[in-house]
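First up is the structure itself, then whatever we jot down about it.
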Amino acid sequence: MKVATILGARPQFIKAAALSKALENEGISEVLIHTGQHYDPNMSGNFFTELGINPPQYQLNIHGGTDVQQTARMLASLEDILREEQADLVLVFGDTNSTLAGALAAKKCGFPLAHIEAGMRSYLPNQAEEINRVLSDRISDLLFTSAERYRSILTTEGIPENQIFNCGDLMYDLFQQKWEKRSLPADAHLPKQFALLSIHRQENVDSESKLSEWVQALNDLAIEIPLVCPLHPRTKQRLEQFGLHLNAQILEPSPYLEILGLIDKSSLVITDSGGLQKEAYFGKKACLTLRDASEWLELLESGANRLCNANNLLEQYRKIIKDQHIFAPLYGDGQSAQRIAKTIKKQFS
Ligand code: UD1
């Protein structure tokens with residue numbers, strides 16, 4: 001059996017790192033197709049080396065442009081490859097433009113499609129990621145959820161129950177494998193206490209007024225607790241473009257093991273990333289989420305993750321830092337990859 005995995009952005013490399021080995025163990029061959037969405041060594045190539053992911057057989061080098069242009073270019077390029085490869089199943093992860101392009105290309109070429117991290121919803125219909133995940137779920141044949149509750153979200157939307165498999169969370173698998181190997185950036189001079197900050201979502205950084213509000217709020221917070229921020233290239237560009245100064249220790253985008261090390265040393269995590277919200281929880285750190293909604297409902301319910309806006313960031317920080325949090329297991333047992341691979345094999349045998 002052959003699977004064609006389409007990936008392109010940093011969080012997808014992390015999930016592929018957890019899954020590829022399990023596919024191999026089940027005797028499933030895998031063709032990796034990298035769209036090129038992320039392309040800086042710190043955002044892409046280094047993850048392959050660090051996490052031991054096989055080099056992709058195809059590299060489309062498609063990045064930049066508007067979301068529409070990017071998705072359209074990926075879609076067109078993927079068709080030829082998928083027709084050439086004739087895989088039994090096409091696999092996509094998460095909610096990026098690479099996910100949607102991969103999903104659409106697969107189904108339009110007539111190949112079965114599996115979506116990993118299915119059922120997530122922010123219920124913000126105009127959010128780029130929400131569009132990508134809703135549409136990918138809608139056309140998938142196999143939908144793998146990270147937690148049981150996402151099954152009912154999918155069935156409510158009309159997805160047949162027998163297409164949904166709750167296998168747990170691939171990011172938790174990788175976290176479990178790598179936590180003991182965590183490290184720290186060699187060039188960072190970390191304060192004794194600090195908040196680990198990441199901010200990159202387009203709804204937070206692309207508009208000058210919105211980003212200014214965040215920078216003001218974060219700079220106010222930095223008076224109480226120093227901020228350490230591995231800076232996403234999108235945010236870097238926007239800060240420069242709008243002439244804004246973020247009062248934080250700025251680092252290059254961090255390799256996986258260093259993100260784990262930074263989480264470990266931090267007092268809390270402040271982020272708008274989907275993945276880092278979960279990794280903070282895995283590392284037993286409270287998290288302030290810089291958004292109006294999180295698709296990780298169980299994190300919000302745990303109380304260890306709280307939404308905030310620029311007006312209440314400081315107040316929310318003061319509250320969350322003094323509360324006690326319980327980090328009950330939410331995302332499986334670290335064996336999700338194996339379960340996904342076995343399910344795929346069973347479905348196609
Ligand atoms: C994408 C995902 C987002 C995910 C994030 C993880 C979509 C719609 N968004 O957002 O859900 O949380 O990846 O990081 O797919 N850039 C570089 N070098 C790179 C990558 C990006 O310079 O290696 C710059 C480019 O100017 C690019 C911009 O950042 O245009 C935005 O990158 P893009 O991949 O379009 O979206 P992300 O913001 O990374």
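We did not get these values from a lab; they are worked out from the coordinates using the rules stated. All values derive from a computational prediction rather than experimental measurement. So basically every Cβ, Gly included, is an ideal-geometry build from the backbone, and we count neighbours across all protein chains shown.
A dipole drawn for the chain from +1 and -1 charges on Cβ atoms has a positive end, and of 99, 196, 115 the residue lying farthest that way is 196.
Considering the range 187-314, its Cα convex hull presents a mean projected area of 7.2 nm².
Rounded to whole Å, the principal axis extents of the Cα atoms in the range 21-130 read 40, 34, 27, largest first. Which listed residue (308, 344, 271) has the Cα farthest towards the positive end of the charge dipole for the range 223-349, taking +1 on Lys and Arg C-beta and -1 on Asp and Glu C-beta about the Cα centre? So the residue we want is 344. Considering all C-alpha pairs of the chain, those separated by over 33 Å amount to 24%.
Against the chain, whose longest principal axis is taken from its Cα atoms, helix 256-265 shows a tilt of about 30°.
Each Lys and Arg contributes +1 and each Asp and Glu -1, all at the Cβ; summed about the Cα centre of the range 1-121, the dipole is approximately 220 debye.
Dividing the helix sum by the residues of the chain, where each DSSP H run of 4 or more adds -39500 (n - 2.57), gives a mean residue ellipticity at 222 nm of -13500 deg cm²/dmol.
Lysine pairs in the range 146-295 whose alpha-carbon atoms fall under 16 angstrom of each other, counting only those eight or more residues apart or on distinct chains, come to 9.
Pairs of alpha-carbon atoms within less than 8 angstrom and 6+ residues apart define the contacts here; what relative contact order does the chain have, in percent?
On the way: 648 pairs, mean separation 56.9, N = 349.
Reported relative contact order: 16 percent.
Treat every Asp and Glu Cβ in the chain as -1 and every Lys and Arg Cβ as +1, leave all other atoms uncharged, and give the resulting dipole magnitude about the Cα centre to the nearest 20 debye.
Working: 35 positive and 43 negative charges, 92 e Å.
Here the chain has a charge dipole of around 440 debye.
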